[in-house]
1. Could you grab the pairs with beta carbons closer than 6 Å, sequence gap of 6+ or different chains, first residue in the stretch 307-319 and farther than 18 Å from L175 by Cα and assigned to a helix (DSSP H, G or I), second one of a type in the set (K, R) and modelled with pLDDT of 90 or more?
2. Return the residues of the stretch 388-399 that are in contact (Cβ under 8 Å) with a residue 40 or more places away in the chain and surrounded by 15 or more Cβ atoms within 10 Å (Cβ to Cβ); say none if nothing qualifies.
3. Among the numbered conditions (1) out of contact with any Leu (no Cβ under 8 Å at 6 or more places or on another chain); (2) surrounded by fewer than 24 Cβ atoms within 10 Å (Cβ to Cβ); (3) touching a residue at least 60 places away in the same chain (Cβ under 8 Å), tell me where E82 comes up short.
4. So which residues in the stretch 33-54 are of a type in the set (F, W, Y) and farther than 14 Å from F213 by Cβ, if there are any at all?
5. Within the stretch 400-439, how many residues are of a type in the set (S, T, Y), open to solvent by less than 30 Å² (accessible area, probe 1.4 Å) and over 19 Å from Y219 (Cβ atoms)?
6. Scanning for something part of a helix (DSSP H, G or I) and either over 23 Å from I35 (Cα atoms) or open to solvent by 50 Å² or more (accessible area, probe 1.4 Å) (or both), does the stretch 125-133 turn up at least one residue?
7. Hey, could you check the stretch 223-262 for residues that are part of a loop (DSSP other than H, G, I, E, B) and more than 18 Å from F118 (Cα to Cα) and say which is most open to solvent (accessible area, probe 1.4 Å)?
8. Counting only residues that are hydroxyl-bearing (S, T, Y) and crowded, with 18+ Cβ neighbours inside 10 Å, which one in the stretch 22-46 is nearest to the chain's Cα centre (by Cα)?
Amino acid sequence: MTSSNDTPSLDSTSDFPNIVPPSQGKISLLTAICIVVANMIGTGVFTSLGFQVIDIQSGFAILFLWLIGGIFALSGALCYGELGAAMPRSGGEYHYLSKIYHPLLGFLSGWVSVTVGFAAPIAATAMAFGKYISSVFPIFNYPTLIALIAVILVSFIHSQTLKIGSIFQQSFTVLKVILILIFILCGFSFANPQPIQFLPNINDFSIILSSSFAISLVYVTYSYSGWNAAVYLASELQEPEKNLPRSLLIGTLIVTILYLLLNFIFLYTTPLNQLAGQLEIGYIAAQQIFGNFGAKLMGLLIGFGLISSISSMVLTGPRVTQVIGEDIPLFKILSRKNKHGIPYYAICFQLAIVMILIITASFEAVITYLGFTLTLCSVITVLGVFVYRWRCPDAPRPYQTWGYPITPIIFLGISLWMLIFIFQDKPLESLAGLGTIALGLPFYFIGVHKKLV
């Protein structure tokens with residue numbers, strides 16, 4: 001880790017001996033796309049619509065809401081694609097912010113990712129999986145135990161070889177997408193259409209400009225989170241300069257299309273009064289399409305689809321921890337790999353945090369302020385596209401952000417609006433998020449001091 005007066009070079013990756021050369025990359029483009037898709041499609045799309053239709057009764061306005069969320073995610077993916085192609089090392093924001101701004105800023109971003117950024121969503125998704133299984137099989141009414149078993153098994157699989165982990169990730173992600181497509185096709189084929197208007201009318205424009213629409217957009221963008229998943233293991237991608245931007249763009253585009261189709265089917269098949277205020281939107285819509293038995297079966301399949309989300313985060317999270325361990329001696333043990341090149345200690349460290357959050361149920365409190373801190377990190381990273389071009393105009397850029405400078409401005413504009421809204425709506429949680437970042441300061445300075453000594 002360099003000091004503030006020793007700015008690191010930004011035009012080469014040769015100073016990173018731990019980077020796997022592109023020719024030796026082990027993660028294919030397909031697996032990287034699956035990681036992005038699996039990270040994005042969690043419980044959000046199956047739960048948030050119920051709260052949106054309380055105030056928004058227009059099919060067009062709701063679909064437009066999800067389209068804006070997709071544009072937001074695509075804009076972020078385009079910007080991250082440029083940085084990832086130019087600096088193809090694992091670690092995501094930790095690596096980019098360290099190189100563009102200062103190692104301290106990178107470490108604080110990585111600190112959030114290592115401590116709660118991945119662990120809390122893994123815990124939440126595992127608990128959702130446990131509840132789905134318990135609801136379908138009441139005899140196994142132990143959601144916490146099911147959640148613990150799920151995260152332990154998935155972590156064990158990803159601690160073996162990268163090939164085994166990739167096959168596992170691909171299989172469950174493809175299964176998830178197939179199930180969603182079956183759900184969509186059955187909705188078109190078997191459900192009774194509801195009297196809802198999907199074409200725009202004059203009233204829709206006032207809805208789009210309303211505060212209810214703005215509030216709903218915050219939660220929609222949460223459902224799109226994960227579009228940057230592949231950047232956390234860039235070092236292990238085949239030809240990262242090409243495949244990293246491709247995986248981000250293709251994965252995000254696939255999810256945007258699926259989200260629009262899913263929400264269309266929810267609205268097309270189910271009366272709005274049955275959706276309003278409800279959490280289990282997927283289950284309610286499945287009842288309309290398949291009946292009670294089919295809905296339970298679909299609930300079970302959706303539950304197993306959450307395994308791919310857990311898997312993708314278990315796969316990506318430890319790579320941030322590993323890279324921090326490579327750079328800072330204080331955390332060196334977390335960078336150690338097993339004989340198959342897997343960051344085993346980092347996986348175990350993340351698993352321990354996840355299990356604590358599940359057992360104590362504290363992940364719910366963590367997630368309430370996680371959105372503010374992660375959005376803040378993304379804003380600083382996307383702003384780095386401008387800073388990096390200004391500081392190093394001649395640096396190699398295998399991929400450049402499409403639509404620059406409009407694309408990053410769209411992302412920054414929506415993100416800054418959300419940060420302001422979140423801070424106004426949840427000031428204590430936002431301050432708690434900033435406090436979590438601040439807790440990383442002593443660890444950074446201790447780590448830097450140990451390195452200098």
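The values are calculated or read from the model by the stated rules, or taken from the named source; none is laboratory data. Small disclaimer: the values here were computed from a predicted structure and weren't measured. Every residue, glycine among them, receives a Cβ derived from its backbone with ideal geometry; neighbour counts consider all protein chains shown. Accessible surface is based on the protein model in full, side chains and every heavy atom, while ligands, DNA and RNA are left aside. Shrake-Rupley method; radii C 1.70, N 1.55, O 1.52, S 1.80 Å.
1. Between residues of the stretch 307-319 that are farther than 18 Å from L175 by Cα and assigned to a helix (DSSP H, G or I) and residues that are of a type in the set (K, R) and modelled with pLDDT of 90 or more, there is no close pair.
2. Narrowing the stretch 388-399 to residues in contact (Cβ under 8 Å) with a residue 40 or more places away in the chain: 388, 391-392, 394-399.
Listed by number, the residues that qualify are Y388, R391, C392, R397, P398, Y399.
3. Exception for E82: condition (2).
4. The one that is of a type in the set (F, W, Y) and farther than 14 Å from F213 by Cβ: F46.
5. Filtering the stretch 400-439 for residues of a type in the set (S, T, Y) gives 401, 404, 407, 415, 430, 436.
Okay, now just the ones that are also open to solvent by less than 30 Å² (accessible area, probe 1.4 Å), so 401, 407, 415, 430, 436.
This time we only want the ones that are over 19 Å from Y219 (Cβ atoms), so: 401, 407, 436.
Total satisfying the criteria: 3.
6. Within the stretch 125-133, the subset part of a helix (DSSP H, G or I) is 125-133.
Filter once more, so that each one left must be either over 23 Å from I35 (Cα atoms) or open to solvent by 50 Å² or more (accessible area, probe 1.4 Å) (or both): 131, 133.
Yes, the conditions are met somewhere in the stretch 125-133.
7. Restricting attention to the stretch 223-262, the residues satisfying the condition of being part of a loop (DSSP other than H, G, I, E, B) are 224-228, 238-239.
Filter again for more than 18 Å from F118 (Cα to Cα), leaving 238-239.
On the way: Q238: 73, E239: 89 Å².
Taking the candidates together, the pick is E239.
8. From the stretch 22-46, those hydroxyl-bearing (S, T, Y) are 23, 28, 31, 43; that's our starting set.
If we keep only those that are crowded, with 18+ Cβ neighbours inside 10 Å as well, we get 31, 43.
Working: T31: 15, T43: 12 Å.
Among those that are hydroxyl-bearing (S, T, Y) and crowded, with 18+ Cβ neighbours inside 10 Å, it is T43.
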